[in-house]
Amino acid sequence: MIANISFVPFDISIEKLNAFWISFMESLLIIFVFYGITFVIMIFTNLFSNRLSKDKKVVVKLIRKIINSVILLSGLIAAMHNLGIDVRAFILRLGLLGFAVGYAFKDVIANALAGMMIILYRPFVIGDIVSIGGVEGEITNIDMRHTTLRKKTHKFLVPNSKILSENISIKH
């Protein structure tokens, strides 16, 4: 008696292989479409930022990078879902990771956001003499994290979040 023995340890049919191939190609198309959206955003922001000052270009570039990252991550999630991968746990983990990173870097994020506000609204400019929270000096640099004040022999790095929360005296 001859036993019916299959030498293939898994069952792959041509229909399943074709369905996977089609799904894989659709997922690649989804990723390319989302990448195309980020490329269009890059073109428009470059055209827009040509009219801006150097300081404001830095803010536009940072915002563009954040938006592009979110769009590409959304495209990746959509492509994974199209392949039949359950993305709910992945999205949950991303949310928890975002919460943890945001909490860990809250001071850094606060200074960066305050730096963007200072660069965009320009309450003072480089060369102004200011007094911020008891520290007085000439502004020599405005960065995303801190503003540099120089007084004859000292240089002070004042966090931008402190600048937005303190009273500022500007001498022109």
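The values are calculated or read from the model by the stated rules, or taken from the named source; none is laboratory data. Predicted model only: the values in this text are computed from it and were never measured. Neighbour counts run over all protein chains shown; Cβ positions are idealised from the backbone, glycine included.
Every condition in (1) closer than 29 Å to residue 49 by Cα; (2) surrounded by 12 or more Cβ atoms within 10 Å (Cβ to Cβ) holds for residue 150 except the one numbered (1). Among the residues of the range 38-75, the ones that are over 16 Å from the mean Cα position of the chain (by Cα) and of a type in the set (A, V, I, L, M, F, W, C) come to 6 in all. Of the residues making up the range 34-60, just one is of a type in the set (Gly, Ala, Ser), part of a helix (DSSP H, G or I) and surrounded by fewer than 16 Cβ atoms within 10 Å (Cβ to Cβ), namely 36.
Checking each residue of the range 77-93 against the condition of being in the same structural domain as residue 33 (by TED's automatic domain parsing) and either in a strand (DSSP E or B) or over 28 Å from residue 36 (Cβ atoms) (or both) gives at least one match. Here 109, 63 are screened, and the one residue that is assigned to a helix (DSSP H, G or I), farther than 30 Å from residue 16 by Cβ and not assigned by TED's automatic domain parsing to the domain that holds residue 41 is 109.
The residues of the range 127-149 that are at pLDDT below 85 and either under 18 Å from residue 171 (Cβ atoms) or touching a Lys or Arg at 6+ places or on another chain (Cβ under 9 Å) (or both), listed by number, are 133, 134. Of the strands (runs of 3 or more DSSP E) lying entirely inside the range 133-172, the ones with 3 or more residues being under 23 Å from residue 62 (Cα atoms) are found at 135-142, 146-151, 154-159. Residue 78 falls short of the stated requirement of being touching a residue at least 24 places away in the same chain (Cβ under 8 Å), surrounded by 12 or more Cβ atoms within 10 Å (Cβ to Cβ), closer than 30 Å to residue 158 by Cβ and among the small types (Gly, Ala, Ser). In the range 117-138, the residues that are within 16 Å of residue 166 (Cα to Cα) reach residues that are of a type in the set (Ser, Thr, Tyr) with C-beta atoms within less than 6 angstrom, at least six apart or across chains, in these pairs: 131/169.
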